[in-house]
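Worksheet: the structure to be examined is printed underneath.
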Amino acid sequence: INYQTATFITSAPNIRKLPEDSGIEIAFAGRSNAGKSSALNTLTRQRNLARTSKTPGRTQLINVFETATGQRLIDLPGYGFAKVPMEVKEQWQRSLSEYLEKRKSLKGLVVLMDIRHPFRETDQELIYWAVDCDIPVLALLTKADKLKQGARKSTLLKARQAAIAFNGDVQVEVFSSLKKFGIDQLEQKLDQWFLG
Ligand code: GDP
């Protein structure tokens, strides 16, 4: 699939306003600042597809992109802001779990986590929900350039060990938008999910 052909389709304020639930889509999620926008820009070879400047705590939209051949990429709002009120967090959790449960076109979830702090509480919750809903997960350890090669390898091995505990289809890879690691693995997984 040529991800470079991806274009912006729409922003939705919540999951009910997403495009019709047909075809296939893959969602991208992560704590804010995990490197999600950078990863989407790297995947699509576009400098500004997913904007990388966001104000923490502002109501965020779900951005929808689509390739020329009709594969949808769903950019979910970043989570983990300390300042967000509890009600907003709970609302977000409800709508996200509903999305994972009910969205028929959703065939995979990419969870982006900074390689220096993988599997924080919300990341784990999200992965457990996905596994519960039989949605396969690709966990990307982002900003992998921040670690030297040895530390990067040992962190990857540890994260793969930790991922066994989810008891589901959870693949872990390293990724760097800066140094372009892990793009092939990401594309291969997306191709597999989109093409079956
Ligand atoms: P988002 O909030 O998850 O969309 O994260 P962004 O993509 O906006 O990135 C957050 C910060 O991390 C920005 O300052 C980026 O420049 C930086 N960043 C993103 N990807 C990488 C990477 O691969 N390597 C390094 N060193 N920094 C990165």
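General observations
- Residues of the stretch 130-186 that are hydrophobic (A, V, I, L, M, F, W, C), surrounded by fewer than 16 Cβ atoms within 10 Å (Cβ to Cβ) and outside any helix (DSSP H, G or I): L178 alone.
- Condition met for P118 (modelled with pLDDT under 95, surrounded by 14 or more Cβ atoms within 10 Å (Cβ to Cβ) and closer than 18 Å to S38 by Cβ): no
- Among the residues of this structure, D145 does not count as one that is touching a residue at least 12 places away in the same chain (Cβ under 8 Å), within 15 Å of the ligand (Cβ to nearest atom), of a type in the set (D, E, K, R) and closer than 19 Å to G78 by Cβ.
- Meets criteria (within 15 Å of the ligand (Cβ to nearest atom) and either touching a residue at least 12 places away in the same chain (Cβ under 8 Å) or touching a Leu at 6+ places or on another chain (Cβ under 7 Å) (or both)) for N2: no
- Filtered residues of the stretch 20-36 (kept if surrounded by 14 or more Cβ atoms within 10 Å (Cβ to Cβ), at pLDDT 95 or above and out of contact with any strand residue (DSSP E or B) (no Cβ under 6 Å at 6 or more places or on another chain)): G23
- Any chance E87 is under 24 Å from L195 (Cα atoms) and of a type outside the set (V, I, T): no
- For the stretch 24-41, a residue qualifies if it is over 18 Å from A68 (Cβ atoms) and more than 8 Å from the ligand (Cβ to nearest atom), and the qualifying residues are A27, F28, A29.
The values are calculated or read from the model by the stated rules, or taken from the named source; none is laboratory data. These figures come from a predicted structure and were not determined experimentally. Using ideal geometry, Cβ is built from the backbone for each residue, glycine included, and neighbour counts are taken over all protein chains shown.
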